[in-house]
Structures are given as structure tokens and as C-alpha cells.
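The values are calculated or read from the model by the stated rules, or taken from the named source; none is laboratory data. Every value quoted in this text rests on a predicted model; they were computed, and no experiment measured them. Cβ coordinates were reconstructed from backbone atoms using ideal geometry, including for glycine residues, and neighbour counts include every protein chain displayed.
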Amino acid sequence: MSSGRYVAYYRVSTDKQGRSGLGLEAQQQTVRARLNGGDWTICGEFTEVESGRVSYRPELEKALAHCRLMRAKLIVANVSRLTRNPDFMGRLVKAEVSVEFCDLPMVEGPVGTFMLRQMLSVAELEAGMIAERTRKALAAARARGTKLGGDRGNLRADGVQGREISKQVRRAKAEGRASDLSSVIRAIEQAGATSLRQIADGLNSRGIETARGGLWSAVQVSRVLDKIGRSPAAS
């Protein structure tokens with residue numbers, strides 16, 4: 001049985017199917033059959049209505065953003081719903097979201113991430129195998145008593161560069177999360193929130209946690225608004 005939070009992503013191919021529900025109900029039933037009871041919650045459902053080949057799926061972007069905000073897993077009825085265009089697989093790999101396909105029930109967690117990368121590029125698999133052989137070789141060398149690493153005169157420079165890269169990664173993640181939050185904050189404001197405190201309450205009531213897993217305060221909301229270039233509301 002499944003547990004935890006899920007965001008469901010459905011796709012129908014034409015406007016007619018989108019209006020009639022043709023194919024959509026079958027996907028919804030497939031998702032619920034896969035979850036099969038258990039302690040789970042579908043905290044969001046997004047339906048893409050497409051006609052022909054497109055290069056951008058706004059509902060998929062919304063679903064991925066919602067997964068990150070809610071710390072949820074994306075669930076899709078059929079793997080073909082996302083693999084017809086390699087650009088989308090690349091987007092999925094980079095989204096930092098766990099994905100579960102109902103027709104590949106064993107592909108989830110770390111194995112699921114590996115499979116997504118394999119679908120995207122065999123080169124990813126080859127790189128992983130090389131890294132694994134390297135780790136084993138280093139472990140064997142340590143077991144033989146070989147001294148690894150050490151200061152070759154560049155540790156200070158490498159340390160400075162490493163800290164700068166780490167800072168850039170943290171900044172990028174913070175900006176990405178702020179971008180994910182922007183549409184949610186806009187919806188809260190449209191519902192009547194006019195102050196930072198009211199926006200914070202709206203985020204808390206939706207079960208959206210801060211980056212560190214806590215409750216929102218007016219100050220934290222102000223920081224997010226600053227990151228997305230919005231003028232803070234009154235506190």
C-alpha cells in the first residue's frame with residue numbers, strides 16, 4: 001500500500017477529450033488503483049489538454065512546482081504520457097521530484113530516478129557506472145593502505161571555489177522555490193489576503209512548509225516576495 005502525498009498529472013490529447021473526460025476518468029481510476037488504499041493524500045491534480053506536438057506543458061510545470069512545495073511525489077497513469085518528447089524527460093530529471101508511473105510499479109525512489117535518466121540518455125548510465133567503478137577502486141586502495149588525497153598546494157583555492165559553488169546552488173534553489181511559490185501567493189492574495197501575515201496564514205493553511213520544514217511568518221513571506229521582485233504588502 002502507498003503512503004504520503006501525491007500530485008496527479010493527467011494528459012488528454014484533444015480539446016474534445018478534455019471537455020468530455022474521455023480518457024481522463026480512466027487515468028484517474030488507474031492512479032487510484034495503483035495507490036490501492038493506504039495512508040495517502042492526493043494534494044493536487046493537473047490535467048494537460050493538448051493537440052498535436054507542443055514544446056511546453058504548463059500543467060506539467062504547475063504539477064512539478066506543486067510537488068516541490070508540498071514535498072509530494074508526482075504520479076502518472078502511463079509512462080508514455082511523458083516520454084514522447086525527450087525535452088520533457090530532461091525537464092523531469094532536472095525537476096528534483098520523485099515520479100511514479102502506474103504501468104511501471106517497481107520504478108520508484110532511487111531506481112525511478114535512474115530509469116528516468118536512462119530514458120533520457122544512455123550516457124547518464126555510463127557515467128554512473130564509471131563513478132561506481134571509481135568508488136570501488138578507491139575503497140580497494142584504502143583497504144590496501146594507500147593514502148588518498150592530501151594537500152597538493154591547491155586545497156585553499158579548491159575550498160574557496162567549493163564554497164562559492166555551494167553558495168550559488170543554495171541561491172538557485174531558493175530562487176526556484178520562490179518562483180514555485182509565486183502563483184500560490186497570487187492565489188492567496190486574490191482570495192482576499194492583503195498583508196504579509198495573511199499570506200503566511202494562507203500558506204500554512206494549505207500545508208505548504210518553509211524550506212526548513214516550519215511554519216511561515218510575515219518576515220519569511222517578505223523575503224520570498226523580494227526574491228520574485230514583488231513589493232511586500234503591509235505586515
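Summary of computed values
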{"item": "Candidates L69, L92, L24, L82 - the one that is modelled with pLDDT of 70 or more, over 22 Å from V184 (Cα atoms) and either crowded, with 16+ Cβ neighbours inside 10 Å or not assigned by TED's automatic domain parsing to the domain that holds I208 (or both)", "result": "L24"}
{"item": "Residue satisfying all of: in the stretch 193-217; small (G, A, S) and more than 17 Å from S182 (Cβ to Cβ); farthest from the chain's Cα centre (by Cα) among these", "result": "S195"}
{"item": "Any hit, the stretch 1-11, residues being over 24 Å from E209 (Cβ atoms) and modelled with pLDDT under 85", "result": "yes"}
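Let's see how each residue does on (1) within 24 Å of G44 (Cα to Cα); (2) at pLDDT 90 or above; (3) assigned to a loop (DSSP other than H, G, I, E, B); (4) among the charged types (D, E, K, R):
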| site | (1), (2), (3), (4) |
| --- | --- |
| A172 | no, no, no, no |
| A178 | yes, no, no, no |
| Q198 | yes, yes, no, no |
| D201 | yes, yes, no, yes |
| G207 | yes, yes, yes, no |
| G213 | yes, no, yes, no |
| S222 | no, yes, no, no |
| L225 | yes, yes, no, no |
